[in-house]
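The values are calculated or read from the model by the stated rules, or taken from the named source; none is laboratory data. Keep in mind that this is a model prediction, so the values were computed, not measured. In this analysis, Cβ positions are derived from the backbone assuming ideal geometry, glycine residues included, and neighbour counts consider all displayed protein chains. Please note that ligands, DNA and RNA were not included when accessible areas were found on the heavy atoms of the full protein model with its side chains. Shrake-Rupley method; radii C 1.70, N 1.55, O 1.52, S 1.80 Å.
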Amino acid sequence: MQENKVIWITGASSGIGKALSIKFANEGWHVAASARRENLLKELNQQNKNIHPFPLDVTDIEQCKTIFKNIIEKFKDIEICVFGTGIHDPQSEKEFNLEKIRKIMEVNYFGTMNSINSVYNYYKDKKSGQISIVSSVAGYRGLPAAGAYCASKSALTSFAESLHFEMKRKNVRISLISPGFIKTPMTDQNDFPMPMIKSPEFAAEQIYTGLTKRKTFEIHFPKVFTYFLKFLSILPSSIYFKIVEKGMKKINY
Ligand SMILES: NC(=O)c1ccc[n+]([C@@H]2O[C@H](COP(=O)([O-])OP(=O)(O)OC[C@H]3O[C@@H](n4cnc5c(N)ncnc54)[C@H](OP(=O)(O)O)[C@@H]3O)[C@@H](O)[C@H]2O)c1
């Protein structure tokens with residue numbers, strides 16, 4: 001069991017972030033858990049005293065800085081940051097909706113940038129540790145009725161790759177988390193059958209292993225699904241479109 005190490009997880013109030021917070025806490029880590037719904041973070045703290053609520057709206061740059069400062073004051077050191085805040089709005093994605101596109105970018109992309117901004121100098125000086133960005137297989141290529149979400153995730157994936165080059169020189173590991181379908185309040189909004197969907201606990205196990213026991217840049221799962229999507233991502237557009245359209249017909253989408 002790992003003693004005394006500290007991880008900051010954003011998006012910790014539900015779904016993957018919640019399961020990951022519980023996993024790390026059960027492994028003996030102190031978890032600084034952030035999301036907007038403080039009541040849910042407090043419930044987590046009641047279940048496991050290793051989970052410490054730090055309520056935060058990641059769209060607020062100054063709040064991100066203040067919360068990070070508070071976490072450092074309390075724990076003195078942070079080993080890993082997992083920036084997992086994200087939203088998806090599948091119904092609004094069926095037609096072009098600028099307001100919703102902006103909102104999704106604001107939370108998924110700029111919310112993550114605000115979070116990175118708050119820890120950037122800390123890690124640069126510390127010259128160790130890890131920043132992990134939660135993207136998605138939806139970042140590999142454009143999927144139907146998910147334009148804003150896919151764009152926000154491919155932006156995160158590219159950003160993480162770029163940041164890797166810079167931070168490697170400072171001995172800071174950048175990792176990218178690309179889950180397939182995981183059953184959470186986010187995917188509960190989807191109105192189509194989701195292939196190979198897994199539980200948040202499965203995701204948490206995969207992420208825990210990827211963050212603490214392996215050194216690969218990308219942590220992706222479930223592998224059969226993610227490798228299939230990786231294969232699709234290298235195909236010419238004409239073939240890619242045909243395969244996806246065939247899949248959509250199969251599920252009457
Ligand atoms: N589920 C999947 O199949 C899947 C697949 C690939 C990638 N992902 C990614 O995994 C991450 C977690 O998704 P999930 O499925 O676990 O969804 P979820 O259960 O809806 O969790 C989303 C989390 O983000 C937090 N959040 C949303 N807006 C926020 C804001 N402005 N400031 C701070 N926190 C905010 C939510 O907490 P509050 O509402 O309390 O703020 C919640 O804790 C997301 O980045 C998602 O894109 C999910």
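Look through 84, 28 and report the one residue that is within 22 Å of residue 184 (Cα to Cα) and not β-branched (Val, Ile, Thr).
Residue meeting the stated conditions: 84.
Looking at (1) open to solvent by less than 10 Å² (accessible area, probe 1.4 Å); (2) more than 18 Å from residue 57 (Cβ to Cβ), which one does residue 92 not meet, given that it meets all the others?
(1)
Being aromatic (Phe, Trp, Tyr) and either over 23 Å from residue 80 (Cβ atoms) or in a loop (DSSP other than H, G, I, E, B) (or both) is the filter here; which residues of region 145-177 pass it? Reasoning before the result, please.
Taking region 145-177 as the starting set, the residues that turn out to be aromatic (Phe, Trp, Tyr) are 149, 159, 165.
149, the sole residue that qualifies.
Give the residue that is nearest to residue 220 (Cα to Cα), with candidates limited to residues of region 152-162 that are open to solvent by 10 Å² or more (accessible area, probe 1.4 Å) and within 16 Å of the chain's Cα centre (by Cα). Spell out how you get there, then give the answer.
Going through region 152-162, the residues open to solvent by 10 Å² or more (accessible area, probe 1.4 Å) turn out to be 154-155, 157-159, 161-162.
Next, only the ones that are within 16 Å of the chain's Cα centre (by Cα) stay: 154-155, 157-159, 161.
Working: 154: 14, 155: 17, 157: 12, 158: 15, 159: 17, 161: 15 Å.
Per the criteria, the residue is 157.
What number of residues within region 19-64 are more than 16 Å from residue 85 (Cβ to Cβ) and open to solvent by 20 Å² or more (accessible area, probe 1.4 Å)?
16
Scan 98, 163 and give me the residue that is of a type in the set (A, V, I, L, M, F, W, C), farther than 29 Å from residue 68 by Cα and away from the ligand (no atom under 11 Å from the Cβ). Before you say what the answer is, go through the steps one by one.
Numbers: 163 fails: farther than 29 Å from residue 68 by Cα.
The match here is 98.
For region 106-135, enumerate the residues that are at positive phi and touching a Cys at 6+ places or on another chain (Cβ under 9 Å).
129
Within region 199-231, restricting attention to residues that are in contact with a helix residue (DSSP H, G or I) (Cβ under 6 Å, 6 or more places away or on another chain), part of a helix (DSSP H, G or I) and open to solvent by less than 60 Å² (accessible area, probe 1.4 Å), which residue is farthest from residue 160 (Cα to Cα)?
200
If only one of 16, 87, 7, 72 is surrounded by 15 or more Cβ atoms within 10 Å (Cβ to Cβ), more than 10 Å from the ligand (Cβ to nearest atom) and under 20 Å from the mean Cα position of the chain (by Cα), which one is it? First the steps, then the outcome.
Numbers: 16 fails: more than 10 Å from the ligand (Cβ to nearest atom); 87 fails: more than 10 Å from the ligand (Cβ to nearest atom); 72 fails: under 20 Å from the mean Cα position of the chain (by Cα).
Only one candidate qualifies: 7.
If you go through region 232-242 one residue at a time, how many are open to solvent by 90 Å² or more (accessible area, probe 1.4 Å) and not in a helix (DSSP H, G or I)?
Total meeting the criteria: 1.
Tell me whether region 132-149 contains one or more residues that are within 22 Å of residue 9 (Cβ to Cβ) and over 13 Å from the mean Cα position of the chain (by Cα). Spell out how you get there, then give the answer.
We begin by selecting, within region 132-149, every residue within 22 Å of residue 9 (Cβ to Cβ); these are 132-139, 149.
Pick out the ones that are also over 13 Å from the mean Cα position of the chain (by Cα) and you get none.
Taking every residue of region 132-149 in turn, none turns out to be within 22 Å of residue 9 (Cβ to Cβ) and over 13 Å from the mean Cα position of the chain (by Cα).
Please go through region 101-116 and pick out each residue that is within 11 Å of the ligand (Cβ to nearest atom) and open to solvent by 80 Å² or more (accessible area, probe 1.4 Å).
Here is the first cut: in region 101-116, the residues within 11 Å of the ligand (Cβ to nearest atom) are 103-104, 106-112, 114-115.
Those that are within 11 Å of the ligand (Cβ to nearest atom) and open to solvent by 80 Å² or more (accessible area, probe 1.4 Å): 103, 110.
With the checklist (1) modelled with pLDDT of 95 or more; (2) within 15 Å of the ligand (Cβ to nearest atom) in hand, flag the one item residue 29 doesn't pass.
All conditions pass for residue 29, except number (2).
Take region 117-144 and flag every residue that is touching a residue at least 60 places away in the same chain (Cβ under 8 Å) and assigned to a loop (DSSP other than H, G, I, E, B).
140, 141, 143, 144
Got a number for residues in region 184-215 being at pLDDT 95 or above, over 18 Å from residue 86 (Cβ atoms) and either of a type in the set (Asp, Glu) or near the ligand (Cβ under 10 Å from one of its atoms) (or both)?
Total meeting the criteria: 2.
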